Structure formats: C-alpha cells, structure tokens
Amino acid sequence: EAGVAQSPRYKIIEKRQSVAFWCNPISGHATLYWYQQILGQGPKLLIQFQNNGVVDDSQLPKDRFSAERLKGVDSTLKIQPAKLEDSAVYLCASSSRQGGDTQYFGPGTRLTVL
Amino acid sequence: GNSVTQMEGPVTLSEEAFLTINCTYTATGYPSLFWYVQYPGEGLQLLLKATKADDKGSNKGFEATYRKETTSFHLEKGSVQVSDSAVYFCALSDPGGSYIPTFGRGTSLIVHP
C-alpha cells in the first residue's frame, strides 16, 4: 500500500513570495490533516478535512494560508505572502476516519523563508 | 481547550536502561491516546495507542497505560537499544473536541552504546 505522498520535499523562498504544497493521502482515506511543525515543537494542526469538507481550520492563519481538497482526494496548502516565521516543516497526514484512528504521515515539506 | 504535556528532553540513556517518558493530558471528553515516533530523517509513525481507560497499548517492547484518574499515558520500555533513539510525541484525539488531534512538544531520546 502506498503511503502519504508530499511534494516538494524542500523549498526555499524569500519573504512575501508565494508557495504551494501538495499532498496525496493513502487511497480510500477520508480524513486529511495539514500540520505545521516548527523546529523543537510538536505538530500544530492547521486544517482537517473530512472528504472535501473542512472539519476544523481554527488555527489556520486565513489572511495568508489557504487549503483545498477538491474531489476529496489530494490537497494543496498555499501560503501567500510568506513571512519569516512560516519557516517550518509542513506535514500532511491521513486516516480512514475521524476519532481514535491512526494517522499516517507523509515525509513533510521543509520550508525556509529568507 | 485540549492540551498534552510531555517531559522535557533530551533523555539520555545507556543501552539496556529502563525508559520512562511522562505524558499528561487535558481533554473535554474521553480521548483516544497515542504515542508517535519520529526516527532521524523520517516521518512520524504510530508507535502505540489506547482508546479507553485502563487499556494498555504496546509495540516493539514499548508500553503505555491509559490512566484516566491521573490523566496520564506514560511511555515505558524495559531495555532500550541504540536504535530507539528518536523523538517521541504523545497525542490525543478527543470526541468532545470534535476529534481534533493535539500533540505534545516531543521528547528526544538518545541511547548510547
């Protein structure tokens, strides 16, 4: 079974530029998560999708971050414009359902904003 | 809101030593509890989980027991190996909180030969 795929693996941009990350979850997984992991901290949930609907986006900085999951499969996360404090690893995870179910994580995208 | 508190790292041990990493939580409902592990250069992966009080999760010699009375889920292993060196994350998923997952800060474990 293929795992969660993310691209790119690394990205370096200058502040005020835009960037987009892509995630393809495990086939058949209804729930998809985007996390921000700053160095030395645990993952912080940005947005959670159930199929193509948003379950929670309370910690997503909506003035600059956006995410979509068209057709309930793969997803993109965009930052526009980027700030220095957005430097982090962006993790995508999926699970077959909400609740007490195992999340499967992708390798992450390491973003550096200069 | 929900929260997970882990002991500060790094935890440094010699091979075959006993390991405990403390984790306590705050939740509005009756959460499921997880330990995830991140080996160097890899993504997070599930180590073990427990979905109700008094359940014990176990995997690869690691164990953790869901203690509702102390709101804890401490990770233990009787004899660590160098290959256990990694960052360990405690996490919860709370049905009273719409199943939004919450992670701790992570605890780095370094095992010396």
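The values are calculated or read from the model by the stated rules, or taken from the named source; none is laboratory data. Bear in mind that the values here come from a model prediction, so they are computed numbers and not experimental data. Positions of Cβ are generated from backbone atoms using ideal geometry, with glycine treated the same way; all protein chains shown enter the neighbour counts.
Here A:Asn24 meets the list (1) among the polar types (S, T, N, Q); (2) over 11 Å from the mean Cα position of the chain (by Cα); (3) more than 10 Å from chain B (Cβ to nearest Cβ) almost entirely, failing just condition (2).
Among residues of segment B:8-25 that are surrounded by 13 or more Cβ atoms within 10 Å (Cβ to Cβ), those with a beta-carbon under 6 Å from a residue that is among the hydroxyl-bearing types (Ser, Thr, Tyr) at least six positions away or on a different chain give the pairs B:Gly9/B:Thr107; B:Gly9/B:Ser108; B:Ile21/B:Tyr88; B:Ile21/B:Thr107; B:Thr24/B:Thr5; B:Thr24/B:Thr71; B:Thr24/B:Ser72; B:Tyr25/B:Thr71. Here's a check for you: in segment A:102-114, which residue that is within 26 Å of A:Thr31 (Cβ to Cβ) and surrounded by fewer than 20 Cβ atoms within 10 Å (Cβ to Cβ) is farthest from the other protein chains (Cβ to nearest Cβ)? Ranking the candidates gives A:Arg110 first. The strands (runs of 3 or more DSSP E) found wholly in segment A:1-83 and carrying at least 1 residues that are small (Gly, Ala, Ser) and at pLDDT 95 or above occupy A:5-7, A:19-24, A:65-68, A:75-79. When residues of segment A:47-59 are filtered for being of a type outside the set (Val, Ile, Thr) and within 11 Å of chain B (Cβ to nearest Cβ), how many remain? Going through segment A:47-59 one residue at a time, the tally reaches 6. Would you confirm whether any residue within segment A:60-78 is within 14 Å of chain B (Cβ to nearest Cβ) and either among the acidic types (Asp, Glu) or touching a strand residue (DSSP E or B) at 6+ places or on another chain (Cβ under 8 Å) (or both)? Yes, the conditions are met somewhere in segment A:60-78.
If only residues of segment A:1-45 that are closer than 22 Å to B:Phe89 by Cβ and among the aliphatic types (A, V, I, L, M) are counted, the one that is surrounded by the fewest Cβ atoms within 10 Å (Cβ to Cβ) is A:Leu39. Among the residues making up segment B:28-49, those that are farther than 17 Å from B:Val82 by Cα, modelled with pLDDT of 90 or more and out of contact with any Lys or Arg (no Cβ under 7 Å at 6 or more places or on another chain) are B:Pro31, B:Trp35, B:Tyr36, B:Leu44, B:Gln45, B:Leu46, B:Leu48, B:Lys49. Considering segment B:61-108, and only residues there that are among the hydrophobic types (A, V, I, L, M, F, W, C) and assigned to a loop (DSSP other than H, G, I, E, B), the residue that is farthest from the other protein chains (Cβ to nearest Cβ) turns out to be B:Val80.
Among the residues making up segment B:87-99, those that are under 18 Å from B:Cys23 (Cβ atoms) and crowded, with 20+ Cβ neighbours inside 10 Å are B:Tyr88, B:Phe89, B:Cys90, B:Ala91, B:Leu92, B:Ser93, B:Asp94. Within segment A:84-101, restricting attention to residues that are touching a Lys or Arg at 6+ places or on another chain (Cβ under 9 Å) and assigned to a strand (DSSP E or B), the residue that is nearest to the other protein chains (Cβ to nearest Cβ) is A:Val89. How about segment A:32-60: which of its residues are farther than 28 Å from B:Pro40 by Cβ and hydroxyl-bearing (Ser, Thr, Tyr)? Answer for segment A:32-60, where residues must be farther than 28 Å from B:Pro40 by Cβ and hydroxyl-bearing (Ser, Thr, Tyr): just A:Ser58.
For segment A:73-96, residues that are more than 27 Å from A:Ile26 (Cα to Cα) and surrounded by 15 or more Cβ atoms within 10 Å (Cβ to Cβ) total 2.
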